[in-house]
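The values are calculated or read from the model by the stated rules, or taken from the named source; none is laboratory data. Small disclaimer: the values here were computed from a predicted structure and weren't measured. FYI the Cβ positions are ideal-geometry reconstructions off the backbone, even for glycines, and counts take in every protein chain you see. Side chains are part of the model used for accessible areas, which takes the heavy atoms of the whole protein and leaves out ligands, DNA and RNA. Shrake-Rupley method; radii C 1.70, N 1.55, O 1.52, S 1.80 Å.
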Amino acid sequence: MTTTYRFGFLLTPLALLPLLLCALSFGQGLEDRLSQSRQLQAQQMMGVDQRTMDSLLAERRRQAGQQGPAGLSAPGDRAEEAVLDSMIAGPQGYRDPEYAGASTDTLPDSIAIDSLGNRVRIPRRAKVPKRYEQRIFQNVDKSAFSGTASAVGRSYVLRPGDNVIVSLWGDKERQYNLVLNSEGQVFLEGVGLVPVSGLNLEQGEARLKERLARIYSGINRGTAFVNLSMSQSGPIRVFVLGEMKTPGGYVFSGNSSILSVMYYAGGPTDIGTVRNLVLNRSGNKIPLDLYSYLIRGETLTPDILQDGDILFSGRAEALVEIKGDVGRPATYEMKKGEGVKELLEFAGGLNATAATQKMTLQRIFPSGKIDYIDLPPPREFLTGTATVELQDGDKILVEKSTEPSKDFITVTGPVKYPGTYASESIRTVQQLVEKAGGLREDAFLGRVHVVRFNPDGSSQLFAYSLEETEVDSIQLAPRDNVLLYSTKDMYLPDSVEIAGAVFVPGKFEYREGMTVKDLVMQAGGYLPHHERGKALVFRGGEREAKVEQLDLEIEYGLGRSGDHYPLQPKDLVHIPVDPRYYKKEIVSLEGLFMRPGKYALLYPGEKMSSVIQRAGGFKESAYIDGGRFYRAKDSIGRVGVDFATALKRPNRKTNISLVGGDSLYIPERSNTVKVIGEVGFETSVLYKEGASVRYYIGRAGGFTERSRKGSIVIEYANGETAENGMWVRSPDAGSVIFVPQGPEPVPIDWMGGMNAIVGTLSASAALILSILIIQERI
């Protein structure tokens, strides 16, 4: 008996072990199903596919600092639950993984989720450079500088490759189109080669005139004339080097300016100079200051480039920023010896609201310390009475005046000229009203408000009457606001309302003597489908306990005859719609109908089979089982409809009633079934009559490890859908089979499981042994 008892006691924990393992497995499976459900919910909320969803989950987990194996948390993990909760909760901004780690200045767009859960890109605003000269060269249309026209001055220097026109008129009329050869010469018939390279247009014209005079005597007599003009300038090669955004070699037309090269090179870098530019021409270094053009509008000398020119930009001597109440706050380049006066001029001078007090200078000292220095008022620098030389990195702040004006009084309300007036000669409300042109006839005399502002920012309200006995006693102070009121503002006018078949339904001001027809006229007249001679008037309500309905018979039209139904304030007039009125409803038949096109329904709710019969039925090649039905009303969209059954059995519910905007489409027969989702290879499989779902999935490579086999969805050719276990028939031609994706398989930790089992068995054995020892002692 004792042995049996011990053996049975030993079997008890062993019998519980499978149950324990099943419970653990069930719990883990339940967590997986919940995680899958939440992930699907989040995916639907975001409106993205499975691959994008995985990418977003990984990015969100990375942001939360919760990295699991391969960067992914296990399903059911707390971190993943928080991520899914944030996605399901609503619109959340996030950074696209494509731009993870990128600087915000380099991002083309901001990536966000809109109110529908869709990924959208919000264009970023262009960053305005601090440097004034960089703003000039930002977002320039380079095509404005790409022309090779002949619009050049008489000082243009001719060079090989230029196209010129030599014109003769007078005794001799002739025109030569010539090109300067590699030696800089042009060939004139009867004259030979004439060197003109290195000469400007005026000098070249004189030389050609001298040579042509040898064969045309009329030139010397003054009866023949010569003119030299440009047809097209030849190409030149120039180099832009140094602190330019896009340095390098460029090819331009021969009449290109230095500015056009600067535009193509993108302007200076953050440290590049535009005031100490160097133009290297045939070994001669020509200094250029671009501020003469950018600030003062002067022409650069020289301005036109020549072949082989090198434009070099070194580092700016001093870049100084000016902020505050000036015309163009920015960073400007300063030359040695220039100070605050020049900086204020570069910045467009002071605004009218600039303070007359001191300015503040922020300076970096040689030790690296940043400190502030008080400067005299800006106007002292502009007049030359104060000077300060500026250094690289200086920042100047021009304060805006914040001192408010005090010598004014404001009046608003029913006076002829409301506004603000000088308080010097105004002491009472009566004087202020007279200054404002007097009261209007709609002024309310019973009450006037005076709002007075205290130095600490608080305010007080004083109420007076505008009766003549008191108006002179109301004393005003500077900065007071006098508020007058109109009787129109205090008493709302009575109104009447009209609804129904009129052009402009709504509320209108009531006027004594107004009739129903008058109100209809103010509402724009009757709509064509109104019921003639009928009107309903609802009277009463609000403070009264009931509403009275008046059914009126009104003579048709809006003439004076029969106009004898006066209205009362608050009346509601309703013009009914003619019950016999029916607005044509249009449906569209497209595809392989015998007579496709648009058809009007003959009566409300006409059946689909009736309209198809009126269209002559279907063509021989029509695939009726693949017919598609769309309903635009209420944005319903595609609806699964069995066309064949609707035609064979018109009395069944499948023969639906049509409404305006419906669309029917009959395609040609499709010979394939499409298989998509979590299969070996998404493809279209040739249709086989009666073949099962698994047949088509097998032809698409079969299931994968992550396939959710119990949630397969079929979308039949006519738009009907059915999930696994609810299939009404095998896939037909044109169907789509979708295999959804399940969770990623979690590797089984066999060692951990065995350790847990061994630990459980060891504990059970120890417990049994203790009990046996106790029993022996008993």
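Here are the numbers for this structure:
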quantity: Lone unmet requirement of (1) modelled with pLDDT of 80 or more; (2) part of a loop (DSSP other than H, G, I, E, B); (3) open to solvent by 90 Å² or more (accessible area, probe 1.4 Å) for Ala545; calculated: (1)
quantity: Residues located in region 212-226, provided they are open to solvent by 10 Å² or more (accessible area, probe 1.4 Å) and part of a strand (DSSP E or B); calculated: Phe225, Val226
quantity: Filtered residues of region 703-726 (kept if under 20 Å from Ile624 (Cα atoms) and assigned to a loop (DSSP other than H, G, I, E, B)); calculated: Tyr716, Ala717, Asn718, Gly719, Glu720
quantity: Qualifying residue in region 228-238 (condition: surrounded by 13 or more Cβ atoms within 10 Å (Cβ to Cβ) and more than 30 Å from Leu259 (Cβ to Cβ)); calculated: no
quantity: Strands (runs of 3 or more DSSP E) wholly inside region 227-290 containing at least 2 residues that are under 37 Å from the mean Cα position of the chain (by Cα); calculated: 248-253
quantity: Counted residues, region 500-555 - those being within 44 Å of the chain's Cα centre (by Cα) and of a type in the set (Gly, Ala, Ser); calculated: 6
quantity: Options Thr331, Thr360; residue that is in a strand (DSSP E or B) and surrounded by 16 or more Cβ atoms within 10 Å (Cβ to Cβ); calculated: Thr331
quantity: All positions within region 635-645 that are outside any loop (DSSP other than H, G, I, E, B) and either in contact with a Lys or Arg (Cβ under 7 Å, 6 or more places away or on another chain) or free of Cβ contacts under 8 Å to residues at least 12 places away in the same chain (or both); calculated: Ser635, Gly637, Arg638, Val639, Thr645
quantity: Residue list for region 675-698, filter: part of a loop (DSSP other than H, G, I, E, B), on the phi < 0 side of the Ramachandran plot and over 45 Å from the mean Cα position of the chain (by Cα); calculated: Tyr687, Lys688, Glu689, Ala691, Ser692
quantity: Unique residue being within 30 Å of Asp494 (Cβ to Cβ), at pLDDT 90 or above and either surrounded by 15 or more Cβ atoms within 10 Å (Cβ to Cβ) or in contact with a Cys (Cβ under 7 Å, 6 or more places away or on another chain) (or both) when the list is Val587, Val537; calculated: Val537
quantity: Subset of region 615-634 that is outside any loop (DSSP other than H, G, I, E, B) and under 27 Å from Pro579 (Cα atoms) - its residue that is least open to solvent (accessible area, probe 1.4 Å); calculated: Arg631
quantity: Any hit, region 485-497, residues being touching a Gly at 6+ places or on another chain (Cβ under 8 Å), polar (S, T, N, Q) and either within 30 Å of Lys534 (Cα to Cα) or at pLDDT 85 or above (or both); calculated: yes
quantity: Scope region 509-526; condition without any contact (Cβ under 8 Å) to a residue 40 or more places away in the chain and either open to solvent by less than 40 Å² (accessible area, probe 1.4 Å) or part of a loop (DSSP other than H, G, I, E, B) (or both); matching residues; calculated: Arg511, Glu512, Ala523, Gly524, Gly525
quantity: When residues of region 181-211 are limited to those that are in a helix (DSSP H, G or I) and of a type in the set (A, V, I, L, M), the one nearest to Tyr156 (Cα to Cα); calculated: Leu201
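Residue-by-condition table, conditions (1) touching a Phe, Trp or Tyr at 6+ places or on another chain (Cβ under 8 Å); (2) charged (D, E, K, R); (3) surrounded by 14 or more Cβ atoms within 10 Å (Cβ to Cβ); (4) in a loop (DSSP other than H, G, I, E, B):
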| site | (1), (2), (3), (4) |
| --- | --- |
| Thr410 | yes, no, yes, no |
| Tyr421 | yes, no, yes, no |
| Ile426 | no, no, yes, yes |
| Gln430 | no, no, yes, no |
| Glu434 | no, yes, no, no |
| Gly437 | yes, no, no, yes |
| Leu445 | no, no, yes, yes |
